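Enquirer: Sharing a structure here in structure tokens format.
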Amino acid sequence: MAPLAHSSASSPRLHAALAGAEASPDAVAAAAEAATEGIAPTTDIHASAEYRAHLARVLTRRAVTAAAGM
């Protein structure tokens, strides 16, 4: 997502939040929060930076939940 960061990259904090964690709602929540650390979403005519950060958390939560088969 270009408006979230200048380039796509893997998040070390996200990986750290998931590494060795049991598939649980708490682990998913930690991963979702970690997904927005270190990014600087931008605001433009389409969405605010706050909304984009919220969306990053929601999409991460959905992806991790689906990957864990929860």
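Enquirer: So for the chain, averaging the separation of alpha carbon pairs under 8 Å that are six or more residues apart and normalising by length, what relative contact order in percent results? It would help to have the intermediate numbers written out before the result.
Expert: Numbers: 64 pairs, mean separation 23.6, N = 70.
Computed value for the chain: 34 percent relative contact order.
Enquirer: Report, to one decimal in Å, the Kirkwood hydrodynamic radius for the chain based on all distinct Cα pairs.
Expert: The Cα-based Kirkwood calculation yields 12.5 Å.
Enquirer: Dipole of the range 9-70, Cα-centred, from +1 at each Lys and Arg C-beta and -1 at each Asp and Glu C-beta, to the nearest 20 debye?
Expert: Here the range 9-70 has a charge dipole of around 120 debye.
Here, each number is a calculation from the coordinates, and none is a lab measurement. Owing to the predicted nature of the structure, the values given are computational and were not obtained by experimental measurement. So basically every Cβ, Gly included, is an ideal-geometry build from the backbone, and we count neighbours across all protein chains shown.
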